[in-house]
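Here is the structure we will look at.
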Amino acid sequence: MTACSSPDAEVQKHAQKVASLRATTLAITHAWLHGDVSGTYAEGALEQTFELVQQERAAVAGTPSDLARPRFNAVARDTEAMSRVIAALTRDVQSGDGANARRYLDDLRAATSEQP
């Protein structure tokens, strides 16, 4: 965290980045499902998105005191859930399982509508 920002502003910035990464995951998977990108491209893009999500998790949950803050903890939980979904989507792309990928997209959309 930077010394010039308040903890609330900092966690809000990370929450916005996580929301953007969720939108990126949706866009990549939609493009793959519609045949607009190859499986190889989608897999690589999802892996890069996964890494960015992990960076956001580390930024908000680097210490036990970070996780003790409810808003930081909520963003950390969100990144953990997204990481699992991205891993499953990557597996679905690798195996060509569009039906299962669509189910995960529904979960991501629901999480997006729950964001403040």
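Throughout, read-outs are computed from the coordinates displayed, never taken from laboratory work. Only a predicted model underlies this, so the values are computations on that prediction, with no experimental measurement involved. Ideal geometry is used to build each Cβ from the backbone, glycine not excepted, and the neighbour counts take in all protein chains shown.
A few comments on the model shown:
- In the set (1) more than 17 Å from D8 (Cα to Cα); (2) in a helix (DSSP H, G or I); (3) among the hydrophobic types (A, V, I, L, M, F, W, C), V37 fails one condition alone, (2).
- Residues (farther than 21 Å from R102 by Cβ, among the β-branched types (V, I, T) and out of contact with any Phe, Trp or Tyr (no Cβ under 8 Å at 6 or more places or on another chain)) located in the stretch 19-75: T63, V75
- Any hit, the stretch 21-33, residues being of a type outside the set (V, I, T), without any contact (Cβ under 8 Å) to a residue 40 or more places away in the chain, part of a helix (DSSP H, G or I) and closer than 14 Å to I86 by Cα: yes
- Total residues in the stretch 34-56, condition more than 14 Å from I86 (Cβ to Cβ) and in contact (Cβ under 8 Å) with a residue 12 or more places away in the chain: 1
- Residues within the stretch 63-93 that are out of contact with any helix residue (DSSP H, G or I) (no Cβ under 6 Å at 6 or more places or on another chain), more than 20 Å from K13 (Cα to Cα) and touching a residue at least 12 places away in the same chain (Cβ under 8 Å), tallied: 1
- Residue within the stretch 67-74 that is out of contact with any Leu (no Cβ under 8 Å at 6 or more places or on another chain) and outside any helix (DSSP H, G or I) present: yes
- Count of residues meeting criterion [more than 16 Å from R91 (Cα to Cα) and buried (at least 16 other Cβ atoms within 10 Å of the Cβ)] in the stretch 21-36: 3
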